[in-house]
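The values are calculated or read from the model by the stated rules, or taken from the named source; none is laboratory data. For clarity, every value in this text was computed on a predicted model and none was experimentally measured. Reconstructed Cβ throughout: ideal geometry from the backbone, glycine too, with neighbour counts over all protein chains shown.
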Amino acid sequence: MRKILIILVFATLAMTTFGQKATNSTLSFKNKNSIQFELFGHGLFYSFNYERILVNGQKFKTTGQAGIAYYPPKTGIRDIWIPVLINELYSFDSHHMEFGLGYVFINEATRTEDYEEISREWNGFLTGRIGYRYQKPDGRFIFRVGFTPLYEYEVKEFHPSGGLTIGYSF
């Protein structure tokens, strides 16, 4: 009897000492909108994005995202980048795996040597996202890191890329 009592005491102490806090890993996001600043990624060097949660399930969430990046003519980079994506999140409480597909609309101007605009045309890239996202279900801070490749299908060129995002949900 004494051995059983000692085992029960040690088992109870072990559970309270080494037990982890129980978390509800099936929570939906409280805030459905967010603004984000992304370094590199879909906007080449940077982009400002708006994201809306379209389906807010317990384990799976679907988001729609649109952003913009502008580069002045003297940089020699295509002027306007508008990434539009649909992302799917698989949630583990505050940690999420993220997968997405989309298109980056690019507006490019043909210019003279004096940077006078001659004409404009729209092009684009197919894009995707595979990454990690940290966001508490009831929190406002968002941190994302991911692989964000671009595929220029007209010339059949693949451009591997990655992005780092910080955001605020409301």
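Inspect all residues belonging to the stretch 113-129 and state whether any of them is within 12 Å of the chain's Cα centre (by Cα), within 23 Å of His159 (Cβ to Cβ) and assigned to a strand (DSSP E or B). Explain how you work it out, then say what you get.
So the first thing to find is which residues in the stretch 113-129 are within 12 Å of the chain's Cα centre (by Cα), and the list is 128-129.
Those still in the list that are within 23 Å of His159 (Cβ to Cβ) too: 128-129.
So of that shortlist, the ones also assigned to a strand (DSSP E or B) come out as 128-129.
Yes: the stretch 113-129 contains one or more residues that are within 12 Å of the chain's Cα centre (by Cα), within 23 Å of His159 (Cβ to Cβ) and assigned to a strand (DSSP E or B).
Residues are listed down the side, and each one gets a yes or a no for (1) modelled with pLDDT under 95; (2) in a strand (DSSP E or B); (3) under 21 Å from Asn123 (Cβ atoms):
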residue	(1), (2), (3)
Ser47	no, yes, yes
Ile53	no, yes, no
Gln58	yes, no, no
Lys61	no, yes, no
Gly64	no, yes, no
Ile68	no, yes, yes
Arg78	yes, no, yes
Ile82	no, yes, yes
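Of these, Ser91, Ser161, which one is under 25 Å from Ser28 (Cβ atoms) and touching a residue at least 60 places away in the same chain (Cβ under 8 Å)?
Ser91
So is Tyr132 surrounded by 14 or more Cβ atoms within 10 Å (Cβ to Cβ) and part of a strand (DSSP E or B) or not? Spelling it out, it is not the case that Tyr132 is surrounded by 14 or more Cβ atoms within 10 Å (Cβ to Cβ) and part of a strand (DSSP E or B). Tallying residues that are exposed (fewer than 15 other Cβ atoms within 10 Å of the Cβ), free of Cβ contacts under 8 Å to residues at least 40 places away in the same chain and in contact with a Pro (Cβ under 7 Å, 6 or more places away or on another chain) within the stretch 30-55 yields 0.
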